[in-house]
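K.L.:
Got a structure for you, questions after.
The values are calculated or read from the model by the stated rules, or taken from the named source; none is laboratory data. Predicted model only: the values in this text are computed from it and were never measured. Counting neighbours? That spans all protein chains shown, and the Cβs are built from the backbone with ideal geometry, glycine included. Protein only, heavy atoms only, side chains kept; ligands, DNA and RNA dropped before computing areas. Shrake-Rupley method; radii C 1.70, N 1.55, O 1.52, S 1.80 Å.
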Amino acid sequence: MAVYFDHRIETPNPAASPCIISWHNLHTSLAVGSVSPTSGGCVDVYSELGDHVSGSHIERSYQPALLSWHPTKRLLAVGWTMGEILILNEPDKEHYVVPSTHSAEITLLEWSSNSRLVSGDLNGLLVMWRLDQRGRVQGAPLLKLEYHKPLTHCLFKPLAPEEDMAQLAKAAVSGDEKALDMFNWKMKAAAQQEFSFFLSTGDGSIHWVNEQAKNCQIIGMDSPARKLHFLEKKSILVVVTENLLLLQFFVSPEGDAEEISKVKLSGRIGKAADIICVNNALLITATGESVIRFWDLERDDNYVLFLDEKLGFEAEEVINCITYCHAKAILAAGTNKGKVAMWSKVSDGRKSLRTEGKASWKLNTPTELEGNITQIKWGSSKNLLAVNNLSSVLVLSEHVMSSHFHQQVAAIQVAPSQLSLTYFSTGTRHSLKTDMYIKGVFVTKDSVAVWNGKLVTVYELSGPTLRNAGSFASESPVLAVHEENIYTVEPSRVQIRTLQGTVKQLLSFSVLEGNPCMLDICGTFLVVATDAAHFKLFDLSRREAKAHSNCKSLSELMPGLGSIVSIRCNANGSKVSILANRADGHLDSKMYFYDVDLDTMSFFDFWNGQADQQESPSNMDTNVPESTKLLDRIPISHFWDQNEPRLLVCEAMLAIPNSVHPSPKHNQLVEVPHGMEDVLVMSFFSTQEHGLLLQESFPRPTSLQSLLGIEVPHYYFTRKVSEHETVWENMARMCVKTRRLDVAKVCLGKMGHARGAKALREAEQEPEIEARVAMLAIQLGMLEDAEQLYKTCKRYDLLNKLYQAWGQWQKAIETAENYDRVHLRTTYYHYAKHSEAMGDRSISLNYYEKSDTHRFEVPRMLLDNPQNLETYINNKKDKILWKWWAQYLESQADLDAALKYYELAQDYLSLVRVHCFLRNIQKAAEIANETGNLAASYHLARQYESQGDLKQAVHFYTRAQAYNNAIRLCKENNLDDQLMNLALLSTPEDMMDAARYYEEKGEQMDRAVMLYHKSGHLSKALELAFATEQFGALQLIAEDLDEKSDPALLARCSDFFIQHNQFDKAVELLLAAKKAMRSLLKSGDTEKIVFFAGVSRQKEIYIMAANYLQSLDWRQDPNIVNNIINFYTKGRALDLLAGFYDACAQLEIDEYQNYEKAIGALTEAYKCLSKAKMRSPEEQERRQSDIQNKITLVKRFIQARRAYSTDKPEAVRQCELLLEEPDLEGAVRIGDVYGFLVEHYTQQGDFQKAYRCLEEMRSKMPSVNLSYYVSQSTVEAVYRALSIPLTHQSTEHVRHNSVEDGEEVEEAPDIDYNG
């Protein structure tokens, strides 16, 4: 499979547009003439990779018209539109101007074989110059002629070759008169001047000119000539005119021309036609159509080639220009859509092109470029292709791409240094960019090996990425990989290497057997072929490769064969298939099969569709349809299934036979059957019983490139790409410079670079634009650019990762040490892993230590060399390493050595464990007792328990602080004495468990009380102590009581101590009880507060409880009132009790208008104040006076209401007197007095006085609704009687120590205030 890679020329003037291109026939020099709208024109020379050749730039103010290279020397003649001619000497970087002769545009510029240069211009001036080796003009012009018409073409008439003259002489001697005439003519021509040429002019004339300045018109036509070509053997001049007339003239030695044929060619007239002549036989024209037209000059036959839309061409696409490469037998064409179409020949190259016809041309997948291609030229000895699209010139070079399929992994080379990898088992794809031009690739499910003939690099699949696992120098042209081994070749032997390149085995071949040159692996078998056509099979299933067969000579097995072209083996090593060359060097049409078990060789011939005589020919016909008989074909590739040893698949291409090897269908030359496919894919079953059986055959689809392999049930092919990925990649590279990430996303999508697109999308989270662009650069392989970008934005963490992935480990370490210390140990670790993979254990060991991972990684790395590992561990003197080594020795059953290293590591658990295993339990007990190691003691305790030694088990459980296990044993075995001590050492939960154990047994209750006490359950301990009269325990418990304890519990304990005359302890508990009371008050638990106050019998607590109860809604609960009175009384707080009675009196008046109860409460308040002993006598007297005044006023109002039934005037008078008292409101509500008077006057019919009382009450109490004190019916009666409207009456409704109308009045609680 070949792909063309384009190299865009690096023009020194980007604004210039290329207009002419010209290749040197031999050297890789490309001349490009360009036009600039500002500076005029220029000419430059470029190398095969598009690099500008220094010193080759020539610039003028006018445009270049023609470019012409010397046939052999690196001399370039340049003709300009103003008539100037210039010679560029590329090697010497010099240029010489030809003496000014022309005054018009140069239209003709041709070199002769003897360094003569002919130039002609638009005015018809023809000049011939002689030039020296350096390109300088020698003397005056050799020839100078005036035609006064534009000169268009110059064709030198070649001299007759010597071999042609000899053949004509022989024919003439034998009596051939025609040969005699031709011989005489050629002799006359040879005797004449050094050169002669044909010259065409713009009026359709053709002249013949020689060195003697003989100039005569030999042909006259109606249309100017477009193409001149001379058929030397027949002395025929072929002319194609602008109107596409094809004329042929016989030219005599004297220069006379005779027309012998005239044909009208098909094509678009008026369009500049591109016409080439191939092998003096085939005329090919492109006239701006979608077809290329062919004309056979000898047979007067013609055919056309079309563009195929299935290969990616467009319907309206037309061909502008054509060129043919004789060495490659490839016809290339440029289209207006920027595509390069290529037709290749499928013949063996022995027959002339004219006899092969249309079917012999195969159209390949186009190379997609850009723009409108106007010029296309093959050139140089390397057969390079130059393409001009008027905006740029590109050089295309052919590269044979590498590919490989193995273990469900396929690798396809898509660029000189890039692979596309597909893992079919997981459905993932990777793009691998390497630092070398890849000449070969071998893949496995875990690794990828690439090489270029000097260096081998191995990549390993690590998660979602491929990492560089190492490189090594090797000049092996082929390579194979199996598991952890790489197989390379060198003279006389095959090297078996590690993945890091270390040679560990050699497979030698004798001088007679030759040098290995081919390798193939299938299953666990390797087949090696040599340049002496020998082959040998090896079994790779063991530690070392072993010979599976003797070395066999192909020429001995099948005489008449030459070299081996391709060799494959099957999965079980029983068959080897071979493609070979015949002794004459041509590819043989047979595929050979070597049976390892039978030591026999058989074959199948794709030319005639038959096997050798040892197999039945009928086997081939059983499964083959008539339309696909295996005839006229040559095998080109073959593969065995990687799992099924009997299944083989191959490709066979169609070929044209020659007279030496005729087809069995035709005893003469064969024409290609119409419609027959070029390549057939065929699968065979190969068995010893039935020979070779055709399983399936089908034409290879045009969308597929070549067969990669087979693994049932799939065939694997390389697929043709539909777009030229290099163009998009170049654009993506430009995006790194311009930082256009939006454009880069499009380019990556066009490239199918899914991994790159994903990486770029993930990099969008990076805040720095440089970091995001650096990720794009990495995906495109532009690592140096990525490095600079990361440095610019100071993202040293990402720079560190780049260096690691790049293999620049010293830079990675320096970056981590100086700028990225957070990742320093990680970097050390990764470098250690890399060094280990490269086989440098000394470096990896050092960096494992620096990364502080050596305690695990170094033993793993050195495990295959226990002696070195032991030395390393002994030198390090590290307890963790000693322990690891001891565990390793124990796993190897070396218990004595293990005990030694466990002791060095101070791993007492392992020591005890091993001694117990060795039944040396006494030694284990000594270690546990001496070290006190908890884990060792626990392990030993379990050993004793399993043996029934409960005493030792309890002892070591205790030393291990596993008290619950010790307690468990004591409870199960009635070891009550030890249980108490163990419980006290253990957790509160274990103490509670032991306490319940003692309590349930009903014995040793003092221990139960103590354990409850120690576990923090004081209430349970006290309860049990009181129940069992454990007075000594009570004293111990009381010592732990404080203000945080339950107040009731404190009070109960204080009573206990008072009963036993321990007043000091009782006082301490009572003091603590005050603090406990404060805590209760904060909690708001009224029931507990009342209970605690009742049992505490402390003055302060009584007062605190009474104050708290006053904050509650005591008005609705007589019990609370009684408790308040009792607590204040018991607390001897009579002044506080007087204040409470005063509040009760006010409540009776405001809420229930019960002045009788109020007087009782006030009387009690006065009594309390009389008995109280307040700190301030003055304050006490003032309060007594206030209470007495209230009592007097309340009594007067009560007496007035009582007297009303017997003496109404007196009652009214007393009320009016009360209203005059200044302090009335503090004892009696004014509204009640006014209400009494209003009701009286209304009943008496004195509405005027009633109204006056209402107005006075309203003025003294403006914010109060009168209906609170006077019924609404009474007010309405007064207003109605006086004919006063109610509209001005206040409608404000404000509650004032009463209830609203219509509401049910609550019944006053029955409270007795008489103490």
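K.L.:
Can you give the extra length, in nm with one decimal, that the chain gains between R299 and E1255 once fully stretched, where that is 0.36 nm per residue apart less the Cα-Cα distance? Walk me through the intermediate numbers first.
P.N.:
On the way: separation 956, 0.36 × 956 = 344.16 nm, distance 14.55 nm.
The span from R299 to E1255 would gain 329.6 nm if fully extended.
K.L.:
One quarter of the convex hull surface, Cα atoms only: what value does that give for the stretch 878-991 in nm²?
P.N.:
Value for the stretch 878-991: 7.6 nm².
K.L.:
Over the Cα atoms of the stretch 450-609, Rg to Rh with Kirkwood Rh, two decimal places?
P.N.:
Across the stretch 450-609, the Cα-based Rg/Rh ratio is 1.01.
K.L.:
Please report, as a whole percent, how much of the solvent-accessible surface of the chain comes from carbon and sulfur atoms (probe radius 1.4 Å).
P.N.:
Carbon and sulfur atoms account for 48 percent of the accessible area of the chain.
K.L.:
Could you calculate the contour length gain from E903 to R429, that is, 0.36 nm times the residue separation minus the distance between their Cα atoms, to one decimal place in nm?
P.N.:
Answer, rounded to one decimal: 165.3 nm.
K.L.:
In whole Å, largest first, what are the principal axis extents of the Cα atoms in the stretch 838-877?
P.N.:
Here the Cα extents, ordered largest to smallest, are 23, 22, 14 Å.
K.L.:
Per residue, what accessible area does the stretch 924-980 have, given a 1.4 Å probe and all protein chains present, in Å²?
P.N.:
That works out to 49 Å² for each residue.
K.L.:
List the pairs from K149/K227; K833/K883; K337/K358; K433/K750; K262/K345 whose alpha-carbon separation is above 21 Å, in the order I gave them.
P.N.:
Cα-Cα > 21 Å for K833/K883; K337/K358; K262/K345; rest within.
K.L.:
7 Å from Cα along Cα→Cβ at both D51 and N1122: what's the point-to-point distance in nm?
P.N.:
It is 11.9 nm.
K.L.:
Let me ask you something else. Whole-Å semi-axes of the chain's equivalent ellipsoid, largest first, each the root of 5 times a Cα gyration tensor eigenvalue?
P.N.:
118, 55, 29
K.L.:
Averaging the inverse of every distinct alpha carbon separation and then flipping it gives the Kirkwood radius. What is it for the stretch 29-132, in angstrom units?
P.N.:
13.8
K.L.:
At a Cα cut-off below 24 Å, give the lysines reachable from K971, other chains included and same-chain residues fewer than 8 away excluded.
P.N.:
K951, K1001, K1014, K1020
K.L.:
Give, as ranges by residue number, the residues of the stretch 81-115 whose backbone N falls under 13 Å from the point 7 Å along Cα→Cβ of L390.
P.N.:
Answer for this model: none.
K.L.:
Same structure again: Along each principal axis of its Cα atoms, how long is the stretch 83-136 end to end? Whole angstroms, biggest number first, please.
P.N.:
The principal-axis extents, from largest down, are 33, 21, 14 Å.
K.L.:
Further question on the same structure: At 0.36 nm per residue, minus the direct Cα-Cα distance, what do K93 and D1150 gain on full extension? Give it in nm, one decimal, please.
P.N.:
This chain segment gains 367.8 nm when fully extended.
K.L.:
Please say if the stretch 802-878 is rounded, prolate or oblate, where rounded means a/c under 1.5 for a ≥ b ≥ c the square roots of the C-alpha gyration tensor eigenvalues, and otherwise the choice is prolate for a/b larger than b/c and oblate otherwise?
P.N.:
Values: a/c = 3.17, a/b = 1.85, b/c = 1.71.
Taking the square roots of the gyration eigenvalues as a ≥ b ≥ c, the stretch 802-878 is prolate.
K.L.:
Can you give the translational diffusion coefficient of the stretch 727-865 in µm²/s, computed by Stokes-Einstein from the Kirkwood radius over Cα pairs at 25 °C and 0.890 mPa s?
P.N.:
The diffusion coefficient I find is 150 µm²/s.
K.L.:
Here's something else I'd like to know. Once the principal axes of the Cα atoms of the stretch 496-589 are found, what is the range along each, listed largest first in whole angstroms?
P.N.:
41, 27, 22
K.L.:
Would you compute, from DSSP H runs of 4+ residues alone, the mean residue ellipticity of the chain at 222 nm, taking -39500 (n - 2.57) per run and dividing by the full residue count, rounded to the nearest 500? Could you put the intermediate results ahead of the total?
P.N.:
Details: 40 runs with 473 residues, N = 1315.
Rounded to the nearest 500, the figure is -11000 deg cm²/dmol.
K.L.:
Cα centroid distance between the stretch 780-844 and the stretch 235-272, in Å?
P.N.:
Rounded to whole Å, the Cα centres lie 72 Å apart.
K.L.:
Right, something else. What Kirkwood Rh does the stretch 384-501 have if only Cα atoms enter the pairwise 1/r average? Answer in Å. The partial results should precede the final answer.
P.N.:
On the way: mean 1/r = 0.0653 Å⁻¹.
About 15.3 Å for the stretch 384-501.
K.L.:
Still on this model: Taking the 0 to 90 degree range and rounding to the nearest ten, how far is the long axis of helix 950-959 tilted relative to the main principal axis of the chain, both from C-alpha atoms?
P.N.:
For helix 950-959, the angle is close to 80 degrees.
K.L.:
Taking K745 as the anchor, which lysines have their alpha carbon closer than 18 Å to its alpha carbon, excluding any fewer than eight residues away along the same chain?
P.N.:
K737, K758
K.L.:
Still on this structure, I have one more. Can you give the percent of C-alpha pairs in the stretch 204-258 whose distance is more than 15 Å? Don't skip to the answer; put the middle values down first.
P.N.:
On the way: 683 of 1485 pairs.
Result: 46 percent of Cα pairs exceed 15 Å.
K.L.:
Can you compute the equivalent ellipsoid semi-axes for the stretch 757-822, i.e. the square root of 5 times each eigenvalue of the Cα gyration tensor, sorted largest first and rounded to whole Å?
P.N.:
19, 13, 10
K.L.:
If I take all pairs of Cα atoms in the stretch 398-448, what percentage of them are more than 15 Å from each other?
P.N.:
Summing the P(r) tail past 15 Å for the stretch 398-448 gives 38 percent.
K.L.:
How tilted is helix 1134-1152 with respect to the longest principal axis of the chain? Cα atoms for both, answer in degrees (0 to 90, nearest 10).
P.N.:
For helix 1134-1152, the angle is close to 80 degrees.
K.L.:
Relative contact order (percent) for the chain, with alpha-carbon contacts under 8 angstrom and 6 or more residues of separation? Each step should come with its number before you reach the end.
P.N.:
On the way: 2455 pairs, mean separation 42.7, N = 1315.
Relative CO of the chain lands at 3 percent.
K.L.:
Roughly what angle does helix 769-779 make with the longest principal axis of the chain, taking Cα atoms, 0 to 90 degrees, to the nearest 10?
P.N.:
50
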